[in-house]
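J.: Here it is, the structure in full.
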Amino acid sequence: MANMAGGAVSRATARVLLGVLACWSVALHAEVLALRLPAQLSTPELPNQISVAEVPNSISAPQVFVQAPAPQVAAPVHSPQISTNVSAPVPGERLSDWLLRQPSDPRAYPTGLLWQVPSERYAQAGLKRNLLIWLAVTETAPAAARANLTRMIKALPVTGRLPVPRADARWLQAHPKEDPVLQYNHALALPQLPRTVSVLTNEGKRCTLPHRTGSEARDYLRACEPGRVERMDRAWVVQADGAVRNFGIARWNAQAQDEAAPGALIWAPARDAGWSPQFSTMLAEFLATQGYDTLLAADAPPGVEPVSAVMPDSPTRDAVISANDWGLIGLLQTPTARMAKAGEARFHYSRVHPYERSSVLLQPLDWLEAGFRYTNIRNRLYGSAELSGNQTYKDKSVDVKIRLMKETARLPQFAVGITDVGGTGLFSSEYLVANKRSGNFDWSLGMGWGYMGSSGNISNPLSLLGKDFDTRAAPTGPSGGDVNTGLFFRGAAALFGGVQYHSPSEKWLFKAEYDGNNYQREPQTNNQAQRTPINLGIVYQYNPGVDIAVGFQRGDTLMLGLTWHTPLDRMNAPKVSDMPTPRIVAGRPTTQPVWVATASDISAMSGWPVRQISREGNVLEVVIDGASGAHWNNRIERMTAVLHRDAPAEIHKFIVIFAEQGIPMAERVILREPWVKQNVQRQVMPDRIQPIFATEPRAQFPTAPLWDRNEPRFAYSIVPSWQQNLGGPDGFLLFKAGVAAPARLKLSEDTSITGAVSLALLDNFDKFKYTGFSNLPRVRTLQREYMTTSPVTVPNLQVTHMGKLGGNQFYSVYGGYLESMFAGVGGEWLYRPWHSPFAFGIDANLVQQRNFQQDFGFKNAGSQTGYRVATGHATAYWDTGWKSTQVKLNVGRYLAGDMGATLDIGRSFNNGVTMGAWATKTNVSSIQFGEGSFDKGIYLRIPFDVMTTSRGGGVANLVYNPLTRDGGARLNRSIALYNTTISRSRLDTGYAPAGARAVGGPDE
Amino acid sequence: MIHHRFRLLSLCLALTALFLGGCGYTTPITQTVRVAIRGPVQDVDALKLNPDLRYLRVTVRGRVVLMVLGYVEPHAEGEIQTWYSSEGELMRLQNGRLVATAGLETDWRAVRNSSLPAWKEVSRQNAAGAATDYRRERDEMPGYRFGIVESVSLYAVAVPPNSKLVGVRAGDFRWFEEAVRGQADGLPSARYALRVIDGEPRVIYGEQCLSLDLCLAWQTWPAAQ
């Protein structure tokens, strides 16, 4: 509850607002930008190898070669059947050229193109061997079926087939990276369009049916194995182009899925038939190496006839989830066991008299949903009129829901959750809920305790464990913030549940539920009439990110809801404002480069400042100073394109050295020839090697550079600034918006003065009057005074010297106005081995409270004037390697002089977005600490790289700290060695734009 | 709490800073804001074109891009033009009608028309008050939707008020609409604007939706061509 103890001040930095705005605007815009058609053709160019209005090679007469003229082929290339046109490649020609040479045949089926490469046979032979071993030794599957499959697999050749996802010659010409150069021992075959699809039955027999447009795997299975189809949960579909996918096909797990194209093969083992998913995947992958003709002609057991014709059913759809009135995935008032996909963020607003709920929910893991909520109780005042006028009551709460078990064919999905944990507990509830899906219906049944179970329609089953569970104590009272474990699952309990129906019209969901709450026991005696415990609602999915809900609840009350949700893990903004990457060609330059232009282009491509370019023999070295941003590998690829374009022909290797404050931190080695090959033609084994790899850095920079930067000593920028106070007694949102000018003056290579001036332009701080109460030195709770005293502030101005102590140890010493409330001196030492998951650091600081004006004085800091403290922490960092989860543990002395520890756990996604939470417990008692009992919060870090249309640095750090108190408060140091040495991290330099294929770097 | 006079001064300073931004002070954020407000392209129609290339002005979801002609390939039913975007997505047109795309979020991999007469015959039939019906079969990706068979009706229509045609008067052309009859996809009708050049009707402008949310409109560019 946000009561009299002071409002929550976000630790939002100057860039937060813009981050959010940019995030929203880009997220809204991204769908438009994500269109594959490029936004700009300012300098129209034709793709590689294309001349204007060129008439293609003349269409030659049909040629039929069974095998390429290959004198040294290790094994015979499989000869496809007569319905396939086979011709040998001319060694050195592209696949696109070969396709263009083929006779024009309207019956040709490019989707089924067979491109066979002998060097790929080794892996495929291993796959075949493993399948045969599995069939020989595994006795769970029926013996007859295993014998049939064994016979078929033995009969199938090891082809070396590689899939060609888009066998369109003209498209391949424009995408040389996908267009292989054919060798003498490659074989190619262009089949004719088959008219059938085949099912591999559970007996290991083939059932071939006419292809029917609109039909999915289940439709074919129903025709071939009607007696078994209801016991099939998943189908593996091998498409004619060699793609393999598997889909849920039962009513409980049905997924939106591809149709089976002509020439597809379907394998769907019945539940409990003894075929493991691993076997099914292996089988499908091996079958994908075959041509459809080969499969039909293989020496296999006699096929079976379909029992009926294929009748396309309605396309199957994914299960749809939506938020309940509380923002959690659920029905209306009640939650369900369903979860969003990891990476989703959701903002939800709902209104059901007398409550308005605004919730933010995050899904850091597939099985964990967590977030916070502000509930506006519209018929209760916040406090006395003198303090908060007519502002209505605001209640804060934190929710957690954990999936205990995923749904199976027979068992429902289970989840357990806690609502309003750690708050004043007005709405605190615990629940256990189960869900089972049946087609378009998703049924839920749960049991709730606390607010959710207040109707007591069932006796608490946990009472069997002891009488303690019979009663539930009152919430903690005005201080709140404790995790009230003593209340959990106690007192009255109630069953709740309902159903969601996904209408055929796709965008509509219908919900009905039985509510377990008793509205005659509302908190604050705010009782409401309830004519019926049945609630009804409709959700309209306006677009993939916005849901609108309307409901009729308690028999007499309307509900309105709006949900905005987005998958942050897939957030990306196309870089339409950046220069396009230079076209990569196999040739090398014949003239010497103008290095200043090369350096400029490297910076333009990467967004990173180039410090110097040097040459050592046939190796070109580039030093980057102060690399930032999230997607390093993408930038390295782009700068390599410039290096390859400009570097003399004899250069065979590029080395990029990443430095910070003049200290080498990490290196990337780029092998020029393999890198070029990778970019100008599709690679096959054994040429498929990684051309870019990370190495530990050298001790010194290269000497005798070809080009050296003449860096300006002084640099500045202008950025927007934002500060806010949310949920305080003076107003729900108090804010200050303005601009800030961060600047840097470089005194020497390793010593700089950095700082910022901030100017407020727009605010409503004239309403900000309340200063929170505190039992501790007021190191943070004088925030009102700091935020409102002066429109012009100097939040930071410090001199920092940084250095290296041996291979893996770094240090910094600094002094000045270290943050908005404290000035002083300090130092930090960090031990961070290169690419190690572990790091350890210590910082120590002696600081004094600054004045409220945040200028250069110390005298006007109210009761804190002259307050000094020695503060610092020992910090352990651990990159766990599990789902990109990082753990940080600080132990030490905090600003109020209290001793304790902070645990911070964050999960990063592949695009660099991080969701995390922290908690601090010090030797300050809950009573001394005040409301909240201990410091805690959640955060969301969104790299600007995923939001901006050009590559930049920085991170939008969105922090929710329910209450700002004095206990457990840390010094906000603007320069931390762990961040400065980020180039030594494997994880933090391995992120990639969402949707992009990961390239280069150490992590792929 | 900031005094109003100061607030005004501050606003002026901020506006000055923004104007300075117009003078070249750019950051990823300012660039993103510009793109969000103005779109990624400043003015495609004002771009200087290479006289050696042939262009197609394509409108998609309110954005305009230019594509360049890469190949013209002979075909019994009319030459096939292959147009490229700068990122290598391609669009194939035959007689001004879309017959394939590659690289878009929804592709029509191949379109096979049967019983489709030439535009001259279509014009003649429509002059006689009859619509032209033909059968279209197409392959769509992603989703492996192969062999989608549609009955298409092609007929003359009045000048539409909402085309994406620019640079020339829509009224100077003869317009045709192409509707799919009785199928579930529910795609909006395709439209074509034709002009008679050297005695042959030629498509100057076309519209085709590949899916419910991906519709393309194209016209030869510059418009005078």
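The values are calculated or read from the model by the stated rules, or taken from the named source; none is laboratory data. Fair warning: this is a prediction, and the values are worked out from it, not measured in the lab. For neighbour counting, all protein chains shown are included, and Cβ atoms are generated from backbone atoms with ideal geometry for every residue, glycine included.
J.: Scanning segment B:16-49 for residues that are of a type in the set (Ser, Thr, Tyr) and either modelled with pLDDT of 75 or more or part of a loop (DSSP other than H, G, I, E, B) (or both), which turns out nearest to the chain's Cα centre (by Cα)?
T.: Filtering segment B:16-49 for residues that are of a type in the set (Ser, Thr, Tyr) and either modelled with pLDDT of 75 or more or part of a loop (DSSP other than H, G, I, E, B) (or both), the one nearest to the chain's Cα centre (by Cα) comes out as B:Thr32.
J.: Taking B:Leu69, is it aliphatic (A, V, I, L, M), in contact (Cβ under 8 Å) with a residue 40 or more places away in the chain, within 14 Å of chain A (Cβ to nearest Cβ) and buried (at least 18 other Cβ atoms within 10 Å of the Cβ)?
T.: No.
J.: Out of all the residues in segment A:642-673, which are under 17 Å from A:Pro589 (Cα atoms) and without any contact (Cβ under 8 Å) to a residue 40 or more places away in the chain?
T.: A:Glu650, A:Ile651, A:His652, A:Lys653, A:Phe654, A:Leu671, A:Arg672, A:Glu673
J.: I'm trying to understand the selection: among the residues of segment A:504-518, which are of a type outside the set (Lys, Arg) and either under 13 Å from A:Ile534 (Cα atoms) or at pLDDT below 95 (or both)? Lay out the reasoning, then the answer.
T.: Initially, segment A:504-518 is screened for residues of a type outside the set (Lys, Arg), giving A:504-506, A:508-510, A:512-518.
Correct list: A:Pro504, A:Ser505, A:Glu506, A:Ala512, A:Glu513, A:Tyr514, A:Asp515, A:Gly516, A:Asn517, A:Asn518.
J.: Could we say that A:Ser926 is under 25 Å from A:Val400 (Cβ atoms) and buried (at least 21 other Cβ atoms within 10 Å of the Cβ) here?
T.: No.
J.: With A:Ile657, A:Ile663 as the choices, which residue is in contact with a Gly (Cβ under 8 Å, 6 or more places away or on another chain), modelled with pLDDT of 90 or more and not acidic (Asp, Glu)? Even if it seems obvious, please write down each step before you answer.
T.: Values: A:Ile657 fails: in contact with a Gly (Cβ under 8 Å, 6 or more places away or on another chain).
The match here is A:Ile663.
J.: Hand me the list of strands (runs of 3 or more DSSP E) wholly inside segment A:815-891 holding 3 or more residues that are surrounded by fewer than 21 Cβ atoms within 10 Å (Cβ to Cβ) and within 30 Å of the chain's Cα centre (by Cα).
T.: A:868-879
J.: Please verify whether B:Leu90 is crowded, with 19+ Cβ neighbours inside 10 Å and more than 19 Å from B:Trp221 (Cβ to Cβ), treating the condition exactly as stated.
T.: The answer is no for B:Leu90.
J.: Before we move on, is A:Thr914 within 30 Å of A:Ser606 (Cβ to Cβ), within 16 Å of the chain's Cα centre (by Cα) and without any contact (Cβ under 8 Å) to a residue 60 or more places away in the chain?
T.: yes
J.: Confirm whether A:Gln257 is touching an Asp or Glu at 6+ places or on another chain (Cβ under 8 Å) and outside any strand (DSSP E or B).
T.: yes
J.: Would you point out the residue of segment B:168-187, among those that are modelled with pLDDT of 90 or more and in a loop (DSSP other than H, G, I, E, B), that is nearest to B:Arg97 (Cα to Cα)?
T.: Among those residues, the one meeting the criterion is B:Phe173.
J.: Being under 12 Å from A:Ser863 (Cα atoms) and surrounded by 22 or more Cβ atoms within 10 Å (Cβ to Cβ) is the filter; apply it to segment A:760-779 and report the residue that is nearest to the other protein chains (Cβ to nearest Cβ).
T.: Looking at residues that are under 12 Å from A:Ser863 (Cα atoms) and surrounded by 22 or more Cβ atoms within 10 Å (Cβ to Cβ), I get A:Arg778.
J.: Here is a follow-up. So B:Thr82 passes all but one of these: (1) surrounded by fewer than 18 Cβ atoms within 10 Å (Cβ to Cβ); (2) touching a helix residue (DSSP H, G or I) at 6+ places or on another chain (Cβ under 7 Å). Which condition number does it fail?
T.: (1)
J.: Suppose the filter is on the phi > 0 side of the Ramachandran plot, modelled with pLDDT of 90 or more and within 12 Å of chain A (Cβ to nearest Cβ); does B:Gly96 pass it?
T.: So B:Gly96 does not fit the description; no.
J.: Now for a separate question. Condition check: away from chain B (no Cβ under 14 Å), of a type outside the set (Lys, Arg) and touching a residue at least 24 places away in the same chain (Cβ under 8 Å). Does A:Gly806 satisfy that?
T.: no
J.: Residues being touching a strand residue (DSSP E or B) at 6+ places or on another chain (Cβ under 8 Å) and under 19 Å from A:Lys406 (Cα atoms): count how many of those fall in segment A:419-440.
T.: Total satisfying the criteria: 8.
Conditions (1) basic (Lys, Arg); (2) at pLDDT 95 or above; (3) closer than 26 Å to B:Arg145 by Cβ, marked per residue:
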site: A:Ala273; (1), (2), (3): no, no, no
site: A:Ala284; (1), (2), (3): no, yes, yes
site: A:Leu295; (1), (2), (3): no, no, yes
site: A:Asp313; (1), (2), (3): no, no, yes
site: A:Asp325; (1), (2), (3): no, yes, no
site: A:Gly330; (1), (2), (3): no, yes, no
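J.: Might you check whether a residue that is under 30 Å from A:Trp443 (Cα atoms), part of a loop (DSSP other than H, G, I, E, B) and of a type in the set (Asp, Glu) occurs anywhere in segment A:210-224?
T.: The answer is yes, given that some residue of segment A:210-224 is under 30 Å from A:Trp443 (Cα atoms), part of a loop (DSSP other than H, G, I, E, B) and of a type in the set (Asp, Glu).
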